[in-house]
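The values are calculated or read from the model by the stated rules, or taken from the named source; none is laboratory data. In this text the structure is predicted, and so the values were computed from the model without any measurement. Quick reminder, even Gly has a Cβ in these numbers, built from the backbone with ideal geometry, and neighbours come from all protein chains shown.
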């Protein structure tokens with residue numbers, strides 16, 4: 001078992017999000033200089049801005065990137081599992097900025113007192129260009145982000161197993177109320 005697979009299993013991302021672990025790790029670096037790597041704890045303040053995500057990509061292939069929180073509103077009561085934070089399809093190579101954004105990036109916003117949440121990044125190699133029916137969600141909206149299913153999305157678009165992944169954990173800090181205000185469109 002690879003280091004990535006071992007870590008995904010230990011933190012129960014398999015089976016909570018995926019059926020199988022990715023073998024390779026994504027390199028995820030935030031503008032704050034923090035890296036999201038194998039369950040390290042980061043704060044909502046540190047992850048408020050969209051990170052740079054790098055993987056070993058075929059420049060002639062298209063990819064899908066998902067960032068999801070399976071612990072909404074808490075790991076003990078995940079009734080909104082999953083709450084997705086970012087969804088980009090048709091990414092040429094690893095040029096995320098040239099992909100089609102379905103759900104704009106928002107950082108972590110775990111409710112106060114809800115403990116650590118897992119924030120899982122996954123990349124899939126697409127079999128072809130996708131035409132998606134999902135709504136486009138701006139960074140100013142929390143609507144339609146809850147009850148997302150990575151497994152159903154994978155099946156719907158025949159994405160197969162993720163080629164790479166990584167994750168971090170976060171709990172409430174004083175940035176979260178600012179994020180909630182942003183998501184309410186005010």
Filter the range 149-161 for residues that are modelled with pLDDT of 95 or more, surrounded by 13 or more Cβ atoms within 10 Å (Cβ to Cβ) and in a loop (DSSP other than H, G, I, E, B); the one that is nearest to the chain's Cα centre (by Cα) is 149
Which one of these does residue 49 not meet: (1) buried (at least 16 other Cβ atoms within 10 Å of the Cβ); (2) at pLDDT 95 or above? (1)
Could you look through the range 98-121, keep only residues that are in contact with a strand residue (DSSP E or B) (Cβ under 8 Å, 6 or more places away or on another chain) and part of a loop (DSSP other than H, G, I, E, B), and pick out the one that is farthest from residue 179 (Cα to Cα)? 99
Being more than 21 Å from residue 184 (Cβ to Cβ) and in contact (Cβ under 8 Å) with a residue 12 or more places away in the chain narrows it down to one residue among 87, 116, 102; which is it? 116
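Let's see how each residue does on (1) within 17 Å of the chain's Cα centre (by Cα); (2) more than 26 Å from residue 7 (Cα to Cα); (3) in contact (Cβ under 8 Å) with a residue 40 or more places away in the chain:
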| position | (1), (2), (3) |
| --- | --- |
| 96 | yes, no, yes |
| 127 | no, yes, no |
| 143 | yes, yes, no |
| 169 | yes, no, yes |
Does residue 165 qualify as being more than 17 Å from the chain's Cα centre (by Cα) and either loosely packed, with under 13 Cβ neighbours inside 10 Å or outside any loop (DSSP other than H, G, I, E, B) (or both)? no
Hey, does the range 2-14 have a residue that's crowded, with 21+ Cβ neighbours inside 10 Å and without any contact (Cβ under 8 Å) to a residue 60 or more places away in the chain? no
Tally up the residues in the range 54-97 that are in contact with a helix residue (DSSP H, G or I) (Cβ under 7 Å, 6 or more places away or on another chain), in a strand (DSSP E or B) and closer than 17 Å to residue 111 by Cβ, please. 1
Give just the number: which of (1) assigned to a loop (DSSP other than H, G, I, E, B); (2) at pLDDT below 95 does residue 130 not satisfy? (2)
